[in-house]
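Visitor: Got a structure for you, written out below as structure tokens; questions coming shortly.
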Amino acid sequence: MARRFEDSELVIASHNSGKVREIGELLEPFAISVTSADALGLPEPEETGATFAENAALKAHASVAGSGLPALADDSGFSVGALDGAPGIHAARFAQRADGVRDYPWAMEQLHEASRDTENDLAWFTCALALAWPDGHAEIFEGRVAGSLVWPPRGDRGFGYDPMFVPEGYSETFGEMVPHTKHAMSHRAIAFRAMIEACFTRHDG
């Protein structure tokens, strides 16, 4: 059985403001004070894991070590069927320019150019969540949502590769969806539902 989360504070182990905001919104029904690794000035650990789960655990444990508080880390990525699942766990690094800045409009254009000569428009997002405690214990949860690539990108909601991805069964991209629609069915939402059911207790009445 998964460990229940009984603490009142939680660090979101991320320096991505969009991801921190989205995770914070998903945690709103719970009586937890949330901060981020970025706000605490914690360094970003090198993501040396071979899987989403390994990278999420690595980031969670690093934030625990730096803050002394429980931490929740998300490792997620975007995969393109025509590119054999790339960029996958390297999705954030793929968007990094020579100057170190992550440029997602440029990265989306690179993916489009690399896959445009194929009829395979399959794409998917994967998310692994790691919830870690100061005693070294961690719980891991995963979620995935499949869909298709679109070009040009649509919408200025969301972040990262969201504007070029339409989830299966929908007509809007993740970049066009209002937050509550995306939060109900995204890869992160699937992993969150599993984590919340296993570890959290609601405090919203």
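Visitor: Give me the one-decimal Kirkwood hydrodynamic radius in Å for the stretch 1-53, with the sum taken over alpha-carbon pairs.
Guide: Result for the stretch 1-53, one decimal place: 12.7 Å.
Visitor: Could I ask something else about it? Filter the chain for me: DSSP H helices, axial length by Cα at least 15 angstrom, mean Kyte-Doolittle hydropathy not below -1.0. List them by residue number.
Guide: 52-67, 104-115, 187-199
Visitor: Whose amide H sits under 5 Å from the amide H of ALA123, counting only residues 5 or more places off or on another chain, with H placed in the peptide plane?
Guide: Under 5 Å from the amide H of ALA123 lie the amide H atoms of GLY81, GLY147, SER148, LEU149, each far enough along the sequence or on another chain.
Visitor: With unit charges on the beta carbon (Lys/Arg positive, Asp/Glu negative), name the residue among ALA194, PHE52, GLY41 whose Cα is farthest towards the positive pole of the charge dipole of the stretch 9-199.
Guide: So the residue furthest toward the plus end is GLY41.
Visitor: Could you pull the Rg and Dmax for the stretch 44-101, using just the Cα atoms, both in Å?
Guide: 13.1, 43
Visitor: Would you list TRP133, TRP151 from fewest to most Cβ contacts within 10 Å?
Guide: Ranked by crowding around the Cβ, least crowded first: TRP151, TRP133.
Visitor: According to the Kirkwood expression over distinct Cα-Cα pairs, how big is the hydrodynamic radius of the stretch 9-199, in Å?
Guide: 16.9 Å is the Kirkwood radius here.
Visitor: Relative contact order, percent, of the stretch 46-122 when contacts are C-alpha pairs under 8 Å separated by at least 6 residues?
Guide: 22
Rule-based calculations on the coordinates, nothing more; no lab input. This is a predicted model, so every value here is computed, not measured. We place every Cβ from the backbone using ideal geometry, glycine too, and count neighbours over all the protein chains shown.
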